[in-house]
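Q: Before anything else, here's the structure in question.
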Amino acid sequence: MVEHGDIRVVHRGGSKINFREPVITNDSRFLLVPSGECVKVFSTSTEECVHDLRGHTDLVTGVLLRPSNHLQVYSCSADGTVRLWDFTDGILIKTFVIGYPIYSMYASADHEGIIFIVTPLQKLFQLVAVQLPQSGEQLVEARELSGVLSDVSSNPAAITFGQGGEYIASAKGLQLEVYFFKKQKSYRFSLKEDNKKGGKNTFTCVACHPKDDCIATGHEDGKIRLWRNFNHKKEYTYSTLHWHHSAVSSLRFTPEGTNLLSGGVESVLVQWRYNQESQRDFLPRLGAAITHITISPDGALFCTSHSDNKITIIQSCVKVSAVIQGLVKGESVQTDLMLDPRSKALVLNGKPGHLQFYSLQRDKLLYNLDIVQQEYIHELGLQQFEVVKAAFSASGKWLATVEERKQKIAELELNLKLWEYDEQTQSFVLNTTISAPHEAQITAMCFCQAPDSQTTMLVSTSKDGHFKAWQLAPVPSWSCNFVGAYRGLLPECCSFSADGSLLAVSFQEVVTVWSPASWELLTTLSQPPGAIRDLCFGRLSCSKYLLGTTANNLLCCWNLLTCSCKAAYTQMQICSLFVFKPSEPRPLFSHKAVCSGKVTRAVFAPRDEMLESCEESSQWLNHSQLYFLTQNMVNTTSTQSTSFHLVIDDSITKTPFHLLLGKHRQQQNQDVASSLSADRTPLPQGSVAIKEVSGSLLQTPAHVLPSTSFLCSMFVQSLLISITDSRSVQEEMESEKEEEDSDEEMETRTLRPEQAPVGSQATEPAAAPLTKAQVRELRRVKKLDHSWFSGLLDS
């Protein structure tokens, strides 16, 4: 049984995969992506995550291939370490402790054993060269730091190595700085803040030609400048390219230098011909703004990262071959964090106009459901339809969504859509669209969750002061069945009881309880000051309770049998987890600082297999897991068993294997057994061979032992009796009969101790006699053939 359980965060997912530029391996088979506190290794052909490189304790801020070994990769992190990995097997080779948080990392083949990092020193970001020590230890301190450039940008796209590692270019603000390693001298070039046409000349990114002395810089006004003769401060020149209407976010030259790639908010990958800049190729409609561009060392694959946490793999700027989509998180999760009853996927609003279905176990987006069904236009200030509310029925057959577009205070467009799950297409299909279901914003929605309910019902509340009940007709289609209000107050939230017999609707500080069968107002409940934000009925043994949270951070519990507020819990701490039983005022479980970021949403998800935790404080996780969403990722909590104890009762019948390798009999029984017959062979568990076999079986790792079928066949063969030994078997049977007769005689002697000679003296205490069953058991063990153990040792 589990003696002790420790509740902790057991899985994290949904981190950004567009935070830093990914890396394509030399053979173009894998894509290495920094994601949260790990590096994900994706297959460029299947889009699947092969494995994770885990070891950092803080955000991973960069990854690059080791110049001297294309099968190894460096990763840097804000935890102040640089780690060397074998990415094919996912093995950590070495950890270099820098001691300062690292924001980005660079390397060149001409600077062997040196990496360049950007770290904050003396209140400025500085580019520092780090000498990596040659040591056989796995954990090495790298303390040889030397400054290269001071006051650089924290943006990794603003620093890059030049031709053959001869120089390094850095852009920040309105200044471009080029540092030459041989001369140990830097040149600075500045631009005016605004040009004649009002464009902003601020640098956004930089790229260096691999074979020519040419630096390409991107700017905030969408222009690209090609700098030449920058090794002379007064003789430098630049030419200008312009296609992007907004800031250029990324620039990259191809390995041969024949083309220059650029990207920005237009979601278009632009390919410029080097020295023939008037010739351009475009790959449009990539879905979202481009944030990073990566090119494989052989130039066969391009890779673009996008603002919607997506990575697109492109074959030589011709066509999209794969798309790796991460969890999309906007400024706020308006639809709440939901669970799809069918796929057990987490559901929340993702890219504009869509709902995303995300699997935390696989850390992968399953699919997007287009709710608005309109093309999204990337234009600043343009108001478009957004998905603001969603709710699932208990079976997962129905999905309700609310989309709205608000241009002015008096003009609000609302659509309530009901979606039915289609078994053939394995997706939701639009069933009913209700335009203007309310006169103001919808604040909450909920389905009747009763499994045996004859009717399917949806309730919506709105700031127009009404709540409406929508019912499914036999057609099937949805229509309004009831409209309710309470004293002109604004409803905030609603909830059905588990059996569907009650509906609770909050009107600011008042909770109303209704009967859906007759739509009669049954009662009203009051609570301490503060508007009700959420309502939830208890389940199973706690179905008589109604829970609610207020704007004053109070958790209230009402007993529906007495219509009284049973308890109000306060003093909730930020980023802490509290678990209550509705019937008890004290928390059943509490955990401070459950995560590093602010928790924005949470939801319980049922388990496929129930746990058997014996501790009362962790039994609430036996049937479910708690998922919660932070600003950076999705987490799940569960119980981690810290120790297991297997208890075997001595009264259980022991198998032959237990007699050979299990507990030894008591010493007294062993002495009695040895005194029965001097010529009998001792029990096999005392032999050296058996001890060696038991040690090898119980201590050797399972993956180096012979297969179970091999061991089983040897053991079974040792138990078989050959035909040639039939005579010996008959003789053994006769000897057993004689021994039984002698056992009876011995028992009669032990029953009459007074017949012993008077003059005899007992030199040692008499041993307790064995029963007939014990003697037969010992005799049977003695006759077993244990040669299969010696064969195992020889193999």
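The values are calculated or read from the model by the stated rules, or taken from the named source; none is laboratory data. A quick note: this is a predicted structure, and the numbers were derived from the prediction, not measured. Reconstructed Cβ throughout: ideal geometry from the backbone, glycine too, with neighbour counts over all protein chains shown. Only protein heavy atoms, including side chains, enter the accessible area calculation; ligands, DNA and RNA are left aside. Shrake-Rupley method; radii C 1.70, N 1.55, O 1.52, S 1.80 Å.
Q: Binning at 5 angstrom from zero up to the longest distance, how are the C-alpha pair distances of the stretch 368-502 distributed in percent?
A: Final binned percentages: 2, 9, 18, 22, 20, 15, 8, 4, 2, 0.
Q: When the accessible area of the stretch 15-171 is computed with all protein chains present and a 1.4 Å probe, what percentage of it is carbon and sulfur?
A: Reported share for carbon and sulfur atoms: 46 percent.
Q: Say the dipole of the stretch 64-155 comes from +1 at the beta carbon of Lys and Arg and -1 at that of Asp and Glu; which of 92, 126, 68 then lies farthest toward its positive end?
A: 126
Q: Find the relative contact order for the stretch 153-325 and round it to a whole percent, using C-alpha pairs within less than 8 Å whose residues are 6+ positions apart.
A: Values: 447 pairs, mean separation 20.5, N = 173.
Result for the stretch 153-325 is 12 percent.
Q: Continuing with this model, one more query. Taking a threshold of 22 Å on the Cα-Cα distance, which of the pairs 364/581; 40/364; 463/544; 123/183 fall above it?
A: Details: 364/581 34 Å; 40/364 12 Å; 463/544 29 Å; 123/183 28 Å.
Table pairs above 22 Å Cα-Cα are 364/581; 463/544; 123/183.
Q: Per residue, how much accessible surface does the stretch 26-114 expose to a 1.4 Å probe? Answer in Å², no decimals. Can you show the working numbers first?
A: Working: 3390 Å² over 89 residues.
Solvent-accessible surface per residue comes out at 38 Å².
Q: While we're on this one: For the stretch 193-345, count all C-alpha to C-alpha pairs, find those more than 28 Å apart, and express that count as a whole percent of the total.
A: For the stretch 193-345, the fraction of Cα-Cα distances above 28 Å is 28 percent.
Q: In this model, which of 172/211; 310/351; 329/389; 310/598; 185/234; 351/592 are farther than 22 Å apart at the alpha-carbon?
A: Those over the limit are 172/211; 310/598; 351/592.
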